[in-house]
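Each reported figure results from applying straightforward, stated rules to the coordinates on display, with no laboratory input. Keep in mind it's a predicted model, so treat the numbers as computed, not measured. Counting neighbours? That spans all protein chains shown, and the Cβs are built from the backbone with ideal geometry, glycine included.
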């Protein structure tokens, strides 16, 4: 790779082969879509968040790269995919000649992004977590038979929109979710995503923000 940039890694054939395999694995297991659309959205959301908060361009770039690479581990197994993905990313980044300091930040963010055993430890990991976990939307559901939806499918299918809003002056980040309550109730959302919401709160704190949430126009926190 001539130059280590977000734009260049998105065109790295060898990286995209593993990302595509990870998406196929999750599809076979019945999980939501984790295709290039998801990775690109996470990358851009993470970058925009740090940019809006005034972080330098280099930190923004690292967040984008971590966002694009974060689901590599799914090509091996869903279990512990954050840690295996971090190790895979390490190999790619070293082969591309990335600076060691940058590698350390990126693999740490990837290794910490899963709610089962991770948490935000710095701005890049915090931005990745907020971007990844806020990507809840109907188009990610692969099951085409609503009658056979499990609770995760139902919540994702009911999500008409899920967006992050940052008030830089008040230092508040708000997750705003619109759900079709004819498909699932708000309590269903909280049952599935309570651990994620705690992860949001910690990530917001690392960025010096307070976390708030709105669901169908009503303040939840």
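Can you put 125, 218, 134, 95 in order, fewest other beta carbons within 10 Å first? Kindly include the intermediate steps, with their values, before the conclusion.
Details: 125 25, 218 8, 134 21, 95 11.
In order of increasing Cβ crowding within 10 Å: 218, 95, 134, 125.
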- Task: Diagonalise the Cα gyration tensor of the range 36-158 and give the resulting equivalent ellipsoid semi-axes, square root of 5 times each eigenvalue, largest first, whole Å.
- Result: 27, 17, 12
- Query: Considering the chain as a Gaussian network with a 10 Å cut-off on Cα pairs, which listed residue, 175, 62, 29, attains the greatest mean-square fluctuation?
  - Reply: 29
- With each pseudo-label sitting 7 Å past Cα toward Cβ, what's the residue 151-residue 194 distance in nm, one decimal? 0.9 nm
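So if we plug the beta-carbon distance of residue 104 and residue 17 into 1/(1 + (r/R0)^6) with R0 = 22 Å, what FRET efficiency do we get, rounded to 0.05? Intermediate results must be reported in sequence, preceding the final value.
Values: r = 25 Å, r/R0 = 1.14.
The computed FRET efficiency comes out at 0.30.
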- With springs only between Cα atoms under 10 Å, which of 135, 33, 102 fluctuates most in a Gaussian network model of the chain? 102
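Give, in nm to one decimal, the length gained when the segment between residue 56 and residue 116 is fully stretched (0.36 nm per residue of separation minus the Cα-Cα distance). If you can, show how the numbers build up before the last one.
Numbers: separation 60, 0.36 × 60 = 21.60 nm, distance 3.02 nm.
Contour length minus Cα-Cα distance gives 18.6 nm.
Going by how many other beta carbons lie within 10 Å of each one, how would you line up 70, 152, fewest first? Spell out each step's value before the answer.
Details: 70 32, 152 17.
With the fewest neighbours first, 70, 152 line up as 152, 70.
Most exposed first by the Cβ proxy, i.e. fewest other Cβ within 10 Å, how do 116, 35 rank? List each step's numbers first, then the result.
Values: 116 10, 35 18.
In increasing order of surrounding Cβ atoms, one gets 116, 35.
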- Across the range 6-219, how large is the tail of the calculated P(r) beyond 21 Å, expressed as a percent of all Cα pairs? 52 percent
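If you average over every viewing direction, what projected area does the convex hull of the Cα atoms of the range 105-161 give, in nm²? Present the calculation step by step, with values, prior to reporting the outcome.
Details: hull surface 18.4 nm².
Over all viewing directions, the range 105-161 projects a mean Cα-hull area of 4.6 nm².
Quote to one decimal, in nm, the extra length available between residue 8 and residue 202 on full extension: 0.36 nm per residue of separation minus the C-alpha distance between them.
66.7 nm
Hey, what number do you get for the chain at 222 nm if only DSSP H runs of n ≥ 4 count, each worth -39500 (n - 2.57), divided across all residues, to the nearest 500?
On the way: 9 runs with 118 residues, N = 221.
Mean residue ellipticity at 222 nm (helix-derived): -17000 deg cm²/dmol.
Which FRET efficiency value, to the nearest 0.05, do you get for residue 77 and residue 170 by plugging their Cβ-Cβ distance into 1/(1 + (r/R0)^6) with R0 = 41 Å?
Details: r = 42 Å, r/R0 = 1.02.
The pair residue 77/residue 170 has a calculated efficiency of 0.50.
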- Item | Among 63, 204, 12: highest mean-square fluctuation, GNM of the chain, C-alpha pairs under 10 Å | 12
- Taking the simple approach of a point 7 Å from Cα along Cα-to-Cβ for both residue 40 and residue 186, what is their distance in nm? 3.5 nm
- Mind giving me the nanometre distance, one decimal, between the label points for residue 95 and residue 29, set 7 Å out from Cα along Cα→Cβ? 2.3 nm
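Over all directions, what mean area does the Cα convex hull of the range 118-221 project, stated in square nanometres?
Value for the range 118-221: 6.6 nm².
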